[in-house]
Amino acid sequence: MTLSVLLADDHAMLRSGMRAIFDTQPDLDCVAEVADGRRAVAEVARLRPDVAVLDIRMPKLDGLDATEAILADPANRTKVILLTTYDSDEYVYRALRAGASGFLLKSLPPEELISAIRVAARGDALIDPSVTQRLISRFAVSIAPPVAPPELDQLTAREREVLLLVAAAYSNAEIAAQLHVGDETVKTHVSRVLSKLGLRDRVHAVAYAHLNGLVQRPTIE
């Protein structure tokens with residue numbers, strides 16, 4: 001299956017470089033290049049690509065505001081990956097809250113971006129744990145302990161267990177090994193967790209678990 005990708009970055013040279021990388025992959029089709037966030041929102045609405053790769057710092061509308069606008073449409077199924085040169089806590093927090101399926105530094109190897117696009121398109125996105133776990137945990141300790149949301153009562157004991165393993169950045173295969181069940185069983189549990197909690201994908205399951213106090217907070221020294 002070919003995945004359609006929209007690329008938004010205000011630097012023409014970077015766009016050309018990324019497009020050249022995408023063109024080497026038979027399963028990726030770059031359907032549009034744009035130079036600002038406002039055009040990114042318009043082109044996503046027109047083309048409905050599988051994945052939109054957006055730079056955070058763009059004119060007219062930055063990548064975070066563009067992400068919020070793109071994902072505010074409930075009929076939209078485009079997954080958004082945000083790229084930045086800055087490892088910023090605020091950026092990651094806003095990206096997760098907006099519904100982005102990835103937050104990646106521009107310094108990462110090209111093959112990791114390509115992999116992230118494929119993962120996001122599957123709806124099985126996970127931001128690099130080295131970024132996600134540290135930053136979400138840091139935000140979690142900065143707020144008062146939350147009250148457990150009522151929708152958690154819908155989860156079975158096994159589904160709660162799966163949610164915590166997802167929050168710990170375990171893959172489906174690792175969860176299956178941990179719980180001594182098959183991969184398909186894990187996929188079913190993950191799907192039910194996402195459905196019951198009203199979450200878009202695994203990224204938001206990670207954010208949900210941390211921000212609602214389900215994961216033990218790190219000790220502040």
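Please treat every number below as a calculation from the coordinates, not as lab data. This is a predicted model, so every value here is computed, not measured. Cβ sites come from the backbone with ideal geometry, for glycine too, and all protein chains shown count toward neighbours.
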Taking 45 Å as R0, compute the FRET efficiency from the Cβ-Cβ separation of A42 and E174 and round it to 0.05.
0.65
For R57 and A12 in the same chain, what is the full-extension length gain: residue separation times 0.36 nm, less their Cα-Cα distance, in nm?
14.8 nm
By the C-alpha gyration tensor axes a ≥ b ≥ c (rounded if a/c is under 1.5, else prolate when a/b exceeds b/c, else oblate), the shape of the range 3-126 is rounded
Work out, step by step, the length gained on full extension between Y86 and R19: first 0.36 nm times the residue separation, then minus their alpha carbon distance; give nm to one decimal.
21.9 nm
Grab the Cα-Cα distance for T185 and A75, subtract it from 0.36 nm times how many residues apart they are, and report the gain in nm with one decimal.
36.7 nm
Whole-Hz couplings from phi, Karplus 6.51/-1.76/1.60, listed for the range 96-103; x for Gly and Pro:
5, 5, 6, x, 5, 9, x, 9
Scan around A52 for amide H atoms under 5 Å from its own, H built in the peptide plane at 1.01 Å from N, and keep only partners 5 or more places away or cross-chain.
L6, K79, V80, I81
